[in-house]
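To start, the structure itself, in structure tokens.
The values are calculated or read from the model by the stated rules, or taken from the named source; none is laboratory data. Because the structure is a prediction, the values reported are computed rather than measured. So basically every Cβ, Gly included, is an ideal-geometry build from the backbone, and we count neighbours across all protein chains shown.
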Amino acid sequence: MGFQYRVKTKRSGLGDKKAKYHAVPVYSGEMSTKALAKELATMSSLSEGDVRSTLIGLAALVEKYLHLGYSVRLEDLGLFTLSVSSDGYDRVEDCTPHRVKAKKVCFRADPQLKANLSDVTFERNKSE
């Protein structure tokens with residue numbers, strides 16, 4: 001079974017106001033930590049509980065090191081970084097720590113993971 005999509009019309013906000021047809025994803029669901037741990041346990045010598053604890057610990061460590069200013073690379077998965085911003089100020093002294101905000105967690109996929117996107121197969125969702 002391939003990655004499912006459906007077709008939707010979208011109108012461009014630019015010059016041409018004609019609606020075009022575009023593919024949009026239809027997700028199969030969401031994989032939980034518990035489900036991933038169960039599957040990983042079957043692929044290793046670890047128990048489901050050990051894998052689950054490790055995944056939860058990994059999430060806590062990623063958060064910890066992002067807060068400390070590190071980027072976090074998970075081999076074969078990708079790189080996590082923290083995006084920050086502030087308002088613009090006329091003087092450098094005005095850009096103080098309490099005026100800087102964490103915007104979002106950014107993820108850049110590992111090059112091999114991105115290269116494997118060409119292997120994804122697609123099928124149109126039958127519920128259209």
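Summed over the range 60-101, the residues that are charged (D, E, K, R), in contact with a helix residue (DSSP H, G or I) (Cβ under 7 Å, 6 or more places away or on another chain) and under 30 Å from A115 (Cα atoms) give a count of 1.
With respect to F80, is the statement that it is hydrophobic (A, V, I, L, M, F, W, C), touching a Cys at 6+ places or on another chain (Cβ under 8 Å) and surrounded by 11 or more Cβ atoms within 10 Å (Cβ to Cβ) true? Judged against the criteria, F80 is a match. Screening the range 109-128 for residues that are of a type in the set (D, E) and not in a strand (DSSP E or B) and picking the one that is farthest from L77 (Cα to Cα) gives E128.
The single condition from (1) closer than 30 Å to P25 by Cα; (2) in contact with a Gly (Cβ under 9 Å, 6 or more places away or on another chain) that C95 fails is (1). For the range 1-14, the count of residues that are among the β-branched types (V, I, T) and either at positive phi or touching a residue at least 60 places away in the same chain (Cβ under 8 Å) (or both) is nonzero. Annotation: of all residues in the range 83-128 being in contact (Cβ under 8 Å) with a residue 40 or more places away in the chain and surrounded by 10 or more Cβ atoms within 10 Å (Cβ to Cβ), the one that is nearest to H22 (Cα to Cα) is R124. Every condition in (1) assigned to a helix (DSSP H, G or I); (2) in contact (Cβ under 8 Å) with a residue 24 or more places away in the chain; (3) not basic (K, R) holds for S28 except the one numbered (1).
Suppose we filter the range 21-41 for residues that are surrounded by 10 or more Cβ atoms within 10 Å (Cβ to Cβ) and either over 29 Å from E123 (Cα atoms) or not small (G, A, S) (or both); how many remain? Before the answer, list the steps.
Quick first cut of the range 21-41, residues surrounded by 10 or more Cβ atoms within 10 Å (Cβ to Cβ) only: 22-26, 32-41.
This time we only want the ones that are either over 29 Å from E123 (Cα atoms) or not small (G, A, S) (or both), so: 22, 24-26, 33-34, 36, 38-41.
Residues meeting the conditions: 11.
Rundown of residues vs (1) farther than 28 Å from L36 by Cβ; (2) touching a Ser or Thr at 6+ places or on another chain (Cβ under 7 Å); (3) at pLDDT 95 or above, yes/no style:
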{"site": "V92", "(1), (2), (3)": "yes, no, no"}
{"site": "R99", "(1), (2), (3)": "yes, yes, no"}
{"site": "N116", "(1), (2), (3)": "no, no, no"}
{"site": "E123", "(1), (2), (3)": "no, no, no"}
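The single condition among (1) among the charged types (D, E, K, R); (2) under 30 Å from S127 (Cα atoms); (3) at pLDDT 95 or above that R73 does not satisfy is (2).
If only residues of the range 29-55 that are under 16 Å from the mean Cα position of the chain (by Cα) and of a type in the set (S, T, Y) are counted, the one that is farthest from G2 (Cα to Cα) is T33. Would you check if A59 is part of a helix (DSSP H, G or I), surrounded by 10 or more Cβ atoms within 10 Å (Cβ to Cβ), within 17 Å of the chain's Cα centre (by Cα) and not acidic (D, E)? Yes: the conditions hold for A59.
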